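Colleague: To start, I am sharing the structure in question, which I have written as structure tokens.
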Amino acid sequence: MLEPWDEVISLQRERQLCADDVQAIQSSCVKDHGEAHSPDCWNRLVNRIRDRYLNSASKEWFSGRRPFLLELDTLFSKAHNREVDFKTIEQRILDEKKEWYRDKIKVLGLQHATKSSSEEQNLQQRLNDHTIPTDQLISELRRAFSDGAVQNEEAFNGFIERLKLASTPQARTDAYVDIFFQPGHDPSGAARSQKYIDMVRNGVPVSDVINSMIRDRHAAERDQNEKQVLHRQLEEKLEELKRAKAAHELDKSKRDKARQDKARAAAALTDGQPDLPPCSACSTIPDPQDFIICPLCQILGDYYGLQVEPAIFCSQKCEDECYEAHVDAMHECASGQGCIQLHDEDVEMDEGGNILVCCRECVETLGIPSTFCSTRCLGENFQRHRDNIHLPERKTTHHEMDDASQLEFDPEDGTRYRARKIEEHIITFEDAVKGWQRKTGATVK
């Protein structure tokens with residue numbers, strides 16, 4: 001298979017020979033017959049041009065394009081009878097040559113030799129688009145390959161002339177290196193392409209060298225893409241580690257703060273004994289290192305931030321004597337006279353017994369230390385508590401809320417209601433203690 005430039009040289013040579021023969025036939029016809037196209041000379045002229053394409057001794061661009069050659073043979077037969085003129089034949093040859101040009105670009109893989117993947121994809125699409133004129137495609141291809149260093153057409157014509165004059169393989173090789181790698185215009189680029197220059201000098205066909213260059217470039221692009229993917233993965237991993245580190249440091253900071261708060265509280269008790277309230281039973285100032293505090297006061301004040309004066313006991317004896325009185329006085333069931341313990345003698349036998357609970361809305365939102373002797377007690381007094389406490393405080397503190405969906409109204413009396421799920425409105429003392437312990441790291445006995 002000839003290299004493309006060898007096909008060009010052969011084409012130029014055969015075309016010139018044909019043109020010379022046509023000119024000789026026309027001149028002879030004028031001389032012998034006094035006209036340019038006598039019947040005999042016309043047939044000689046048609047046969048000579050026909051032989052140019054159908055009986056070419058060298059391999060040219062149209063060689064092997066059998067359907068085209070059969071069609072061309074038919075056109076020349078019609079030309080003998082002057083049914084077709086040479087302009088029609090010439091146009092058909094030009095159209096076929098444009099198709100050959102597209103095929104040649106694809107065979108050589110020139111679309112892969114553009115400067116970028118986007119240019120390669122664009123050129124591939126345009127090669128397949130037969131609505132684009134070939135002249136426009138040629139112009140686009142030249143721009144895609146041009147680097148501004150040389151004028152491509154001028155350089156190629158000079159390259160063809162060098163090949164015509166080359167009398168040795170070395171001379172052809174030098175011409176290849178100069179046109180393809182341009183060491184005179186781009187020495188550094190030629191140095192980077194030394195591998196391919198060596199292939200050319202070792203006699204490797206230029207088409208194989210081009211294929212090797214394309215494969216190497218695609219491999220380099222794949223490596224670059226893999227590096228970019230790996231880089232992104234490493235960056236994502238690094239960000240993940242940074243987030244994990246930040247979360248760890250934040251958690252550590254919270255734990256450190258809790259320990260510091262405990263230490264400051266202990267130091268305050270140690271260093272400022274007058275700030276410690278006197279024992280609620282005997283009025284003695286307790287030992288800062290050894291005292292007892294009402295756990296419910298501690299939870300309401302420290303965990304929920306409510307204004308509660310805590311009950312302090314200097315000893316177990318004082319607590320035993322006064323704790324129940326403190327609870328009755330300070331932590332009376334918020335149901336008041338509606339407390340079920342005042343009306344139901346068997347209340348302690350109910351399921352769950354008396355489990356102290358807090359009203360969730362009161363302690364979490366309204367800032368009121370409302371406690372009830374049991375879940376059942378809050379449930380049976382829910383409407384009274386909501387009407388007398390929640391609704392006025394919501395208005396006063398601007399904590400308006402729509403909780404109608406949490407209420408269940410009496411079908412016979414639309415003014416009466418109860419909590420649809422009382423469990424949503426309570427915090428058990430046990431759960432409150434657990435929350436406080438998680439917050440402070442302290443323990444309640």
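Colleague: From the set of residues in the range 1-56 that are in a helix (DSSP H, G or I) and acidic (D, E), which is farthest from the chain's Cα centre (by Cα)?
Modeller: So in the range 1-56, the residues in a helix (DSSP H, G or I) come out as 4-33, 39-54.
Add one more test, that the residue is acidic (D, E), and what stays is 6-7, 14, 20-21, 32, 40, 51.
On the way: D6: 50, E7: 49, E14: 59, D20: 66, D21: 68, D32: 82, D40: 76, D51: 62 Å.
Among those that are in a helix (DSSP H, G or I) and acidic (D, E), it is D32.
Colleague: Also, quick follow-up: Can you give me the number of residues within the range 167-184 that are within 24 Å of N211 (Cβ to Cβ) and at pLDDT 80 or above? Let's see the steps before the verdict.
Modeller: Narrowing the range 167-184 to residues within 24 Å of N211 (Cβ to Cβ): 169-170, 172-183.
Keeping just the survivors that are at pLDDT 80 or above gives 169-170, 172-178, 181, 183.
Residues meeting the conditions: 11.
Colleague: To continue, here is another question. Return the only residue of V84, V46, V22, V8 being closer than 23 Å to K164 by Cα and surrounded by 14 or more Cβ atoms within 10 Å (Cβ to Cβ). Lay out the reasoning, then the answer.
Modeller: On the way: V84 fails: closer than 23 Å to K164 by Cα; V46 fails: closer than 23 Å to K164 by Cα; V22 fails: closer than 23 Å to K164 by Cα.
Matching residue, one of V84, V46, V22, V8: V8.
Colleague: Quick one: in the range 293-342, of everything that is in contact with a helix residue (DSSP H, G or I) (Cβ under 7 Å, 6 or more places away or on another chain) and of a type in the set (G, A, S), which residue is farthest from D387 (Cα to Cα)?
Modeller: Restricting to residues being in contact with a helix residue (DSSP H, G or I) (Cβ under 7 Å, 6 or more places away or on another chain) and of a type in the set (G, A, S), the top hit is A311.
Colleague: Go over the candidates T440, T428 one by one and state the one that is among the hydroxyl-bearing types (S, T, Y) and under 21 Å from I340 (Cβ atoms). So that I can check it myself, show each step before the final result.
Modeller: Values: T440 fails: under 21 Å from I340 (Cβ atoms).
The unique qualifying residue is T428.
Colleague: Would you point out which residue out of S188, S146 is among the small types (G, A, S), assigned by TED's automatic domain parsing to the domain that holds S63 and at pLDDT below 80? Step through it out loud before you land on a result.
Modeller: Numbers: S188 fails: at pLDDT below 80.
Of S188, S146, the one residue that is among the small types (G, A, S), assigned by TED's automatic domain parsing to the domain that holds S63 and at pLDDT below 80 is S146.
Colleague: List the strands (runs of 3 or more DSSP E) inside the range 374-430, counting only whole elements, that have at least 1 residues being charged (D, E, K, R) and modelled with pLDDT under 95.
Modeller: Details: elements: 407-409, 417-419, 426-428.
In the range 374-430, 407-409, 417-419 are the strands (runs of 3 or more DSSP E) which contain 1 or more residues that are charged (D, E, K, R) and modelled with pLDDT under 95.
Colleague: Tell me, yes or no, whether the range 305-315 has at least one residue that is within 27 Å of T440 (Cα to Cα) and part of a helix (DSSP H, G or I). Break it down into steps so the answer makes sense when it comes.
Modeller: Kept after step one, since they are within 27 Å of T440 (Cα to Cα), are these residues of the range 305-315: 305-315.
Checking which are part of a helix (DSSP H, G or I) leaves us with none.
Looking for residues that are within 27 Å of T440 (Cα to Cα) and part of a helix (DSSP H, G or I), one finds none in the range 305-315, hence no.
Colleague: Limited to the range 272-304, what total is found for residues that are farther than 22 Å from A432 by Cα and either part of a helix (DSSP H, G or I) or touching a residue at least 40 places away in the same chain (Cβ under 8 Å) (or both)?
Modeller: Result for the range 272-304: 5.
Colleague: Considering only residues that are surrounded by 11 or more Cβ atoms within 10 Å (Cβ to Cβ) and charged (D, E, K, R), look in the range 393-407 and name the one that is farthest from the chain's Cα centre (by Cα). Even if it seems obvious, please write down each step before you answer.
Modeller: Filtering the range 393-407 for residues surrounded by 11 or more Cβ atoms within 10 Å (Cβ to Cβ) gives 393-394, 397, 399, 403, 406-407.
Filter once more, so that each one left must be charged (D, E, K, R): 393-394, 403.
On the way: E393: 51, R394: 48, D403: 43 Å.
Ranking the qualifying residues of the range 393-407, first place goes to E393.
Colleague: Would you point out the residue of the range 155-209, among those that are buried (at least 17 other Cβ atoms within 10 Å of the Cβ) and among the small types (G, A, S), that is nearest to D6 (Cα to Cα)?
Modeller: Top of the filtered list is A175.
Colleague: Let me ask something else about it. Six or more apart or on different chains, Cβ under 9 Å: which pairs go from a residue in the range 229-258 that's closer than 14 Å to K439 by Cα to one that's among the β-branched types (V, I, T)? Could you list them?
Modeller: That search, which allows pairs on different chains as well, returns A258/T440.
The values are calculated or read from the model by the stated rules, or taken from the named source; none is laboratory data. Only a predicted model underlies this, so the values are computations on that prediction, with no experimental measurement involved. Neighbour counts are summed over all protein chains in view; Cβ atoms, including those assigned to glycine, are modelled from backbone coordinates with ideal geometry.
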